[in-house]
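S.K.: The following block contains the structure, expressed as structure tokens.
The values are calculated or read from the model by the stated rules, or taken from the named source; none is laboratory data. On a predicted model such as this, the values are computed, not experimentally measured, just so you know. Methodologically, a virtual Cβ is constructed for each residue, glycine included, from the backbone with ideal geometry; neighbour enumeration extends over all protein chains shown. All accessible areas refer to the heavy atoms of the entire protein, side chains included, with ligands and DNA or RNA removed. Shrake-Rupley method; radii C 1.70, N 1.55, O 1.52, S 1.80 Å.
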Amino acid sequence: MPRTPVNTTDAATVSVLPSAEPPPRHRWWILVVIGVAQLMVVLDATIVNIALPSAQKDLGFSDGDRQWVVTAYALAFGSLLLLGGRIADLFGRKMTFLVGLVGFAGASAVGGAAGSFEMLVVARAAQGVFAALLAPAALSLLTTTFTEARERAKAFGVYGAIAGAGGAIGLLLGGVLTEYLDWRWTLYVNLVFAAIAFVGGALLLQRTTRDTSATLDIPGAVLVGGGLFCLVYGFSNAESHDWSSPQTWVFLLAGAVLLAVFTWWQTRAAHPLLPLRVLRDRNRGASFISVLITGAGMFGVFLFLTYYLQQSLGYTPIKTGLAFLPMVAGLMLASTLATTVLIPRIGPKTIVPLGMGLAAAGMVWLTALDLNSSYATDIMPPLIVAGLGLGLVMAPAMSLATAGVAAEDSGVASAAVNTMQQVGGSLGTALFNTLFSSAVANYLDGKNPADPAVQAQAGLEGYSTAYWWSAVFFAAGLVISVVLYRRGVPAHDPDAAPVVHM
């Protein structure tokens, strides 16, 4: 049987039929190499969060600025991910993979050595840029290395497990490195991962055929990247210049205009970053919105709860990382249950809104936390509820976001759903941090800010405000998912390309 041609898209496509060519002899070692690279990328979504209070104390940046350490990475990663897949097609997957590793390691070294807040943020943004090269190249290499259906399923299972566990590992590793070494080691540790993956990749990966027909949609990348940056900066600007500031609304309006022009351009571009036909199915559209909302809520919880645990309750970095594990366990349990049992039997119209409701309830429950809250009775229960809710939403939404797409769109759909999660995290972190800072300022108005008790209570007011707004987001997600998702069980395509969290 001749080899089936594969139309590579923005992230990676999966060969529907097995190849006649023999699979690489060292393919399982290649899986190890790709897994190490994937773990490094996923770790950086959470490992720095635990170290952020220590980094803020060391570099002396404000509460209003701290969100940029998280947002710079997620925004660069999310807005360039689709373009990164095209670059991998054009210049070859192996070359793109190795360049991504070297660049990510270099940016991590700069961030670890940062002597100022600005240097740290630039390094985090550079990490996101190279992660946008690395992640789609790794996924493409996985799909072309494992062409036999059963082996490919195993490989994607391992890859997905790394993606799911990476957040929890990041929380623990971030706590250990921050407490016993220094917050800078949460960035330096990437050099170890990158070195292992680079040596393995250089030795084991074969050069792939470059797709000379691939075209980079530079105008699309500029429009979507600029639009997202303006929105994030506009929300952040409201913290320092207030919501009534013309500068705030100029950036927000500019962001909306740029994204509107990006949408128009995608209907005109010969090789669009995001073909709009991918979004037109009701279930897929609902899934993209659901991923966006859960990304915003999840990133916000990690940021504010980290500060609450360390600054309000005096938790160590390690104890903080451990405190999040029940939430991660609930998320993974609910994800598995939703994709294997609930969605195939009930469908998303009931399950996803249920998850949104649980997540909203968990956020509302967190608003009751105070300076005397105990972990076992006050903190862990709402975290588990929120984790169960997020799991019921995230796994089905990420799966249904690619269900039923045409073969030539499977890669871009997979990349786009991951983009939505990163973009949601960027926008949510910026907005919630601004709302937090405004609530703190309002509470301190007319009070003595030098009083530690007043400062502590002001922090609680800020955290509570962020949780309430997060609950509002999830409540809106509940309504949207009820309206948009179709009734019934979605049709299953056994040949569909798997979606993987990047």
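S.K.: Identify, among Val482, Gly175, Val328, the residue whose Cα sits farthest towards the positive end of the charge dipole of the chain, taking +1 on the Cβ of Lys and Arg and -1 on the Cβ of Asp and Glu, with the dipole about the Cα centre.
M.R.: Comparing the listed Cα positions along the dipole, Val482 ranks first.
S.K.: How large are Rg and Dmax for segment 417-496 when calculated on the C-alpha trace, in angstrom?
M.R.: Calculated on Cα positions, Rg and Dmax stand at 19.4, 64 Å.
S.K.: Can you order the peptides 389-397, 341-349 by their average number of other Cβ atoms within 10 Å per residue, highest first?
M.R.: 389-397, 341-349
S.K.: Looking at Cys230, Leu460, Ala114, which one has the Cα that reaches farthest to the positive end of the dipole of the chain (charges on Cβ: Lys, Arg +1; Asp, Glu -1)?
M.R.: Cys230
S.K.: Here is a further query. Expressed as a whole number of Å, what is the distance separating the alpha-carbon centroids of segment 238-283 and segment 301-327?
M.R.: 34
S.K.: With the Cα gyration tensor of segment 26-97 giving a ≥ b ≥ c as the square roots of its eigenvalues, does the rule (a/c under 1.5 for rounded; else a/b larger than b/c for prolate; else oblate) give rounded, prolate or oblate?
M.R.: Here segment 26-97 falls in the oblate category.
S.K.: Same structure, new question: Can you compute the charge dipole magnitude of segment 224-367 about its Cα centre, using +1 on each Lys and Arg Cβ and -1 on each Asp and Glu Cβ, nothing else charged? Give it in debye, rounded to the nearest 20. Numbers along the way, then the final one.
M.R.: Working: 8 positive and 3 negative charges, 129 e Å.
Magnitude of the dipole: close to 620 debye.
S.K.: A further question follows. For Arg345 and Ala376, FRET efficiency with R0 = 30 Å and r from the beta-carbon atoms, rounded to 0.05?
M.R.: Computed FRET efficiency for Ala376 and Arg345 comes out at 0.30.
S.K.: Could you compute the net charge surrounding Thr367? Neighbours are other residues with a C-beta less than 15 Å from the C-beta of Thr367; K and R count +1, D and E count -1.
M.R.: -3
S.K.: Also, quick follow-up: Arrange the residues Val364, Val412 by how much accessible surface each exposes, largest first, with a 1.4 angstrom probe.
M.R.: Final ranking, largest accessible area leading: Val364, Val412.
S.K.: Can you classify the chain as rounded, prolate or oblate using the Cα gyration tensor, where a ≥ b ≥ c are the square roots of its eigenvalues, rounded means a/c under 1.5, and otherwise it's prolate if a/b beats b/c and oblate if not?
M.R.: prolate
S.K.: Considering the options Ile293, Tyr307, Ile346, tell which one lies farthest towards the positive end of the dipole of segment 233-358, charges being +1 on Lys and Arg and -1 on Asp and Glu at the Cβ, about the Cα centre.
M.R.: My answer, from the dipole projection, is Ile346.
S.K.: Next question. Report in % the part of the accessible area of the chain that belongs to carbon and sulfur, leaving out ligands and nucleic acids; probe 1.4 Å.
M.R.: Carbon plus sulfur share of accessible area: 67 percent.
S.K.: Continuing with the same structure: Suppose a student asked you for the relative contact order of the chain, using Cα pairs under 8 Å spaced at least 6 residues apart; what percent would you report?
M.R.: Result for the chain is 23 percent.
S.K.: What number, in percent, do you get for the relative contact order of segment 34-121 if the mean sequence gap of Cα pairs under 8 Å and at least 6 apart is divided by its residue count?
M.R.: 31
S.K.: Relative to the Cα centre, what is the charge dipole magnitude of the chain, using +1 at the beta carbon of each Lys and Arg, -1 at the beta carbon of each Asp and Glu, and rounding to the nearest 20 debye?
M.R.: Value, rounded to 20: 1400 debye.
S.K.: Full extension from Asp451 to Ala270: what is 0.36 nm times the residue separation minus their Cα-Cα distance, to one decimal in nm?
M.R.: Details: separation 181, 0.36 × 181 = 65.16 nm, distance 6.11 nm.
Working it through step by step, the gained length comes to 59.0 nm.
S.K.: Residues of the chain: accessible area per residue at 1.4 Å, in Å²?
M.R.: Numbers: 19710 Å² over 502 residues.
With the other protein chains kept in place, the chain gives 39 Å² per residue.
S.K.: Under 24 Å Cα to Cα from Lys94, which lysines show up? Leave out anything in the same chain fewer than 8 places away.
M.R.: Leaving aside lysines fewer than 8 places away in the same chain, those within reach of Lys94 are Lys154.
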